[in-house]
Amino acid sequence: MTTRRPAAQMPDTIRHILRAKQDPARAVACPHCGAAPHRPCRLRTNGRVLAEPHPQRRSNWAQTTACCPTCQVTPAVPCHDNGRALPTVHARRYQEAEATAA
């Protein structure tokens, strides 16, 4: 039996070019389907690969990337409404995250 030599590591410059075409939300893990960072989301029922990330992943990405101008919280802190944590983030935080990713 022959053993296969491992392939060489991909240079960071090439890796960055390939990932630049991806949705920026793929930089974080998906809490819905469990997809690792930089991997596409999948349906939990049949494993089909999705073209777009789950909404929970987009919310998680915006929460870890940008400050929220609506409720004035820093990155990694969930948005709130009168002290009650929201299940997603405010729409302005998505806009802020898009601006920082571009």
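The values are calculated or read from the model by the stated rules, or taken from the named source; none is laboratory data. As the structure is a prediction and not an experimental result, all values here were calculated from the model. Don't worry about glycine lacking a Cβ; one is built from the backbone with ideal geometry, like all the others, and counts go over all protein chains shown. In case anyone asks, the SASA skips ligands and DNA or RNA and just uses the protein heavy atoms, side chains included. Shrake-Rupley method; radii C 1.70, N 1.55, O 1.52, S 1.80 Å.
Observations, loosely collected:
- In region 16-42, the residues that are closer than 24 Å to P87 by Cβ, open to solvent by 90 Å² or more (accessible area, probe 1.4 Å) and assigned to a loop (DSSP other than H, G, I, E, B): R39
- Contacts under 7 angstrom Cβ, first residue in region 76-102 being farther than 17 Å from P24 by Cα and outside any helix (DSSP H, G or I), partner open to solvent by 80 Å² or more (accessible area, probe 1.4 Å) and not aliphatic (A, V, I, L, M), 6 or more apart: none
- Output for region 38-90, where each listed residue is of a type in the set (A, V, I, L, M) and closer than 29 Å to H16 by Cβ: L43, V49, L50, A51, A62, A66, A76, V77, V89
- Filtering region 43-61 to residues that are part of a loop (DSSP other than H, G, I, E, B) and either under 11 Å from P24 (Cα atoms) or open to solvent by 80 Å² or more (accessible area, probe 1.4 Å) (or both) leaves R44, T45, N46, R48, A51, E52, P53.
- Filter result for T13 (under 14 Å from the mean Cα position of the chain (by Cα), part of a helix (DSSP H, G or I) and of a type in the set (V, I, T)): no
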